[in-house]
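Below is one structure, written out as structure tokens; comments come after it.
The values are calculated or read from the model by the stated rules, or taken from the named source; none is laboratory data. Remember, predicted model here, so these are calculated numbers, not experimental data. We place every Cβ from the backbone using ideal geometry, glycine too, and count neighbours over all the protein chains shown. For accessibility, only protein heavy atoms count, side chains too; no ligands or nucleic acids. Shrake-Rupley method; radii C 1.70, N 1.55, O 1.52, S 1.80 Å.
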Amino acid sequence: MKISLLQFNIKWMDKQSNIGTISDHLASLSSGFDLLVLPEMFLTGFNMDAKTAAIPEDHTAIKALTSLASKYNIGIIGSLAISETSTYFNRVLLITEHGIAGRYDKQYLFTPSGESDTFSKKHPTTLIEYKGWKLLPQVCYDLRFPENVRTIDKADLIIYVANWPIGRIQHWNTLLKARAIENQCYVIGCNRIGRDDNGWEFPGSTQIIAANGDSTLIDKNNNSLEIEISHVDVANYRSKYPYWKDKK
């Protein structure tokens, strides 16, 4: 599967501008990509004013993303603030040409920011099938809780989308690698860059890590990483080192 990871400076509460950035990036890619990975709350920034930030799943922004997925024959995955009547979710959506193909709600809501007072959880940790791959989406703070992914066996690719600040970026780098090694699968960490309206600075450090812990990061002169991954590599590594059989 060919994947593009995009870290960008999310414009605060400017959905149209952020969709424009995504559209421009897709236009710059060569043909044949399967999946575009975007950061957490990629349409608005990490805004705890849910009434302002959240959109319903039938919003024009979702329709615009579906049109982009159809135009480029690609899946788009990242998290958004989603509303259902008066309830709000930090929700990962997998969007394809057919619309929403998978959902996951952030399970570990970030208490220090007030996220746990604002957002709820409806769709639990789950595998999402896409083009023969078993994807396991996660969001930011979820990364600190390995049990959230250890309860789901046989993921091919765990995807963490985030707004992870510069002051704790070493934790991000270390924990992503740990998740790949202990689950013996690919792990993606897609983080934003820039500074948001809360004053937080984000350094990116977007990367993909193989089952053996080898990582490939976005080059410091770029905002994206294009890479191809193989089912065979995961299967061979698990066969050579079948640690997963000893899981309790």
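Candidates are the residues of segment 155-179 that are in contact with a Gly (Cβ under 6 Å, 6 or more places away or on another chain) and free of Cβ contacts under 8 Å to residues at least 40 places away in the same chain; the one that is farthest from Met13 (Cα to Cα) is Lys177. Report yes if some residue within segment 64-86 is over 19 Å from the mean Cα position of the chain (by Cα), modelled with pLDDT of 95 or more and of a type in the set (Lys, Arg); otherwise report no. Yes - at least one qualifying residue is present in segment 64-86. Just for segment 131-171: of the residues that are assigned to a helix (DSSP H, G or I), modelled with pLDDT under 95 and more than 17 Å from the chain's Cα centre (by Cα), which one is surrounded by the most Cβ atoms within 10 Å (Cβ to Cβ)? Here the answer is Arg150. Taking segment 193-248 as the region of interest, the strands (runs of 3 or more DSSP E) fully inside it that hold 2 or more residues being touching a strand residue (DSSP E or B) at 6+ places or on another chain (Cβ under 8 Å) and under 25 Å from Pro146 (Cα atoms) are 201-203, 207-209, 215-217. Note on segment 16-45: among residues that are touching a helix residue (DSSP H, G or I) at 6+ places or on another chain (Cβ under 9 Å) and open to solvent by 40 Å² or more (accessible area, probe 1.4 Å), the one that is farthest from Gly194 (Cα to Cα) is Ser31.
Test Phe110 against the criterion of being surrounded by 14 or more Cβ atoms within 10 Å (Cβ to Cβ) and in contact with a Leu (Cβ under 8 Å, 6 or more places away or on another chain), and give yes or no. Judged against the criteria, Phe110 is not a match. What about Gly194, is it closer than 18 Å to Ser79 by Cβ, touching a helix residue (DSSP H, G or I) at 6+ places or on another chain (Cβ under 9 Å) and surrounded by 16 or more Cβ atoms within 10 Å (Cβ to Cβ)? It is false that Gly194 is closer than 18 Å to Ser79 by Cβ, touching a helix residue (DSSP H, G or I) at 6+ places or on another chain (Cβ under 9 Å) and surrounded by 16 or more Cβ atoms within 10 Å (Cβ to Cβ).
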